[in-house]
Amino acid sequence: MEMGIVATGTSFGEQRGVAETAGAYVPDPEVVGALGYRTYHRVADGDTATDLAAEAAREALANADLDIVDIDLIVVGHSDVPEYLGWDSSAAVARALGAYGTPTVLCTQVCAAWSVALDHAAGAMALSADTGTVLVVLVNAASEAHTNRMDFNGAIASDGAVAAVLRRGHPRLRRLSSAHFTNPEYADFFRIEFGGSAAPVPPAGRDNLHADPMVGIFRHFDRDPGRFQAFMKEISGRIADVVDQALSRAGKDRTQLARLIYLNDNQQAIREAADAVGLPIERTNAELARELGHMGAADQLICLRRHIEDGEVAPGDLVALVGVAAPGMHWFCTLIEV
């Protein structure tokens, strides 16, 4: 099913400087500074992921000259801890937008949620002739009660949202294909230890903020440096695999790629992703990542919008939106023809 992006909207928390605020999160700010980020975004106290998502959605609808009644399906991807347990944030976003009766779907595969959401939109259009216009909303608001935004997974977590209005047969920003790969051996990596049904309450003297996820990863590999290095090589190798698979499904090859948009990871990780695909880092989102921080499932579409606004991609360009998501562990790629 071919569909294109008609319009997008974004919403961000307050922009903050890394150098000025890192000391509030970590004992050694220089370690965080080495990741390469200059700024990130943090929502104001009292603001929620639902607020961010609804604001981005309203802007996307306005830019598409549509009202919520014109939307056939709402798909929400949420990549951090939800506001409540046992709660459907897609319905909450729909309520905030004034929707009534419009079906909603919630995707929660952390940083992979954006690719899953786009696939679901395409699948819904393929299955039902009545589904012609879909609103996809992707949001990340780091819960500082559960994780340390500067000391969790090698990136600086940032708060933002992006929404896209997708229409069947739209000729611009067309989704051509996608590819996913999951290695379930790593399903426990970067999980939040306490608060779920397995461990509702942390033991005395422990909490989520002081649980180092890297300890669990080293333990998984029996602290064997060779096994850990093989895992690191697998990360970049799988990136190349999903890009090649998506290209093959679209009848394309790597020589036709104009740009790689990876998650807003640290600079070394983005460079490794670019090397894996054979593109120079200058044709990635590396500079945007320095400014935006890691906005979970919202990274790729926010960066796509910015690259278009900045004139760095042109109509007809082939762009690979790519990422890695944990827990999972998932590798994913969606091809967009500008």
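When you scan the stretch 307-316, do you find a residue that is more than 29 Å from A60 (Cβ to Cβ) and either small (G, A, S) or open to solvent by less than 60 Å² (accessible area, probe 1.4 Å) (or both), even just one? No, the stretch 307-316 contains no residue that is more than 29 Å from A60 (Cβ to Cβ) and either small (G, A, S) or open to solvent by less than 60 Å² (accessible area, probe 1.4 Å) (or both). Taken over the stretch 40-85, the criterion of being open to solvent by 60 Å² or more (accessible area, probe 1.4 Å), of a type outside the set (D, E, K, R) and in contact with a Gly (Cβ under 9 Å, 6 or more places away or on another chain) is satisfied by A62, N63, V69, L85.
Within the stretch 119-141, the set of residues being among the acidic types (D, E) and under 26 Å from G293 (Cβ atoms) comprises D119 only. Within the stretch 11-31, residues that are farther than 29 Å from A57 by Cβ have Cβ atoms under 6 Å from residues that are exposed (fewer than 15 other Cβ atoms within 10 Å of the Cβ) in these pairs: P29/G23, counting only partners at least 6 apart in sequence or on another chain.
Go through the stretch 125-150 and give me each residue that's small (G, A, S) and crowded, with 22+ Cβ neighbours inside 10 Å. The answer is A141, A142. Across the stretch 191-224, the qualifying residues are those that are open to solvent by less than 40 Å² (accessible area, probe 1.4 Å) and touching a helix residue (DSSP H, G or I) at 6+ places or on another chain (Cβ under 6 Å), and the one among them that is farthest from S236 (Cα to Cα) is F194. When G237 is tested against (1) in contact with a helix residue (DSSP H, G or I) (Cβ under 9 Å, 6 or more places away or on another chain); (2) surrounded by 17 or more Cβ atoms within 10 Å (Cβ to Cβ), just one condition goes unmet, and that condition is (2). Once the stretch 254-275 is narrowed to residues that are surrounded by fewer than 20 Cβ atoms within 10 Å (Cβ to Cβ) and in contact with a helix residue (DSSP H, G or I) (Cβ under 9 Å, 6 or more places away or on another chain), the residue that is nearest to G296 (Cα to Cα) is Q267. Just to be sure, is R283 buried (at least 17 other Cβ atoms within 10 Å of the Cβ), basic (K, R) and more than 16 Å from the chain's Cα centre (by Cα)? Yes, satisfied. Taking the stretch 151-182, which residues are open to solvent by 10 Å² or more (accessible area, probe 1.4 Å) and either under 22 Å from G36 (Cβ atoms) or at pLDDT below 95 (or both)? Residues satisfying the conditions are D151, F152, N153, G154, A157. In the set (1) touching a helix residue (DSSP H, G or I) at 6+ places or on another chain (Cβ under 8 Å); (2) over 29 Å from L335 (Cβ atoms); (3) modelled with pLDDT under 95, the condition left unmet by M1 is number (2). The lone criterion from (1) modelled with pLDDT of 95 or more; (2) within 20 Å of D265 (Cβ to Cβ); (3) not aliphatic (A, V, I, L, M) left unmet by E14 is number (2).
For the residues Y25, Y40, the requirement of being at pLDDT 95 or above, aromatic (F, W, Y), over 24 Å from A122 (Cα atoms) and under 17 Å from the mean Cα position of the chain (by Cα) singles out Y40. Pairs linking a residue in the stretch 210-239 that is assigned by the TED database to the domain that holds A274 to a residue that is of a type in the set (K, R) and open to solvent by 40 Å² or more (accessible area, probe 1.4 Å), with Cβ atoms under 7 Å and 6 or more positions apart or on different chains, are F221/R227.
For the stretch 89-118, the tally of residues that are surrounded by fewer than 19 Cβ atoms within 10 Å (Cβ to Cβ) and under 22 Å from G293 (Cβ atoms) stands at 1. If the condition is being buried (at least 21 other Cβ atoms within 10 Å of the Cβ) and either among the polar types (S, T, N, Q) or part of a strand (DSSP E or B) (or both), then the stretch 11-37 contributes S11, F12.
For every residue, the table says whether it meets (1) of a type in the set (A, V, I, L, M); (2) within 15 Å of A326 (Cβ to Cβ); (3) in contact (Cβ under 8 Å) with a residue 24 or more places away in the chain; (4) touching a His at 6+ places or on another chain (Cβ under 6 Å).
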position: W87; (1), (2), (3), (4): no, no, no, no
position: L97; (1), (2), (3), (4): yes, no, yes, no
position: V110; (1), (2), (3), (4): yes, yes, yes, no
position: D151; (1), (2), (3), (4): no, no, yes, no
position: P171; (1), (2), (3), (4): no, no, yes, no
position: R174; (1), (2), (3), (4): no, no, yes, no
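The values are calculated or read from the model by the stated rules, or taken from the named source; none is laboratory data. The structure displayed is predicted, hence computed values, not measured ones. FYI the Cβ positions are ideal-geometry reconstructions off the backbone, even for glycines, and counts take in every protein chain you see. Accessible surface areas use protein heavy atoms only, side chains included; no ligands, DNA or RNA. Shrake-Rupley method; radii C 1.70, N 1.55, O 1.52, S 1.80 Å.
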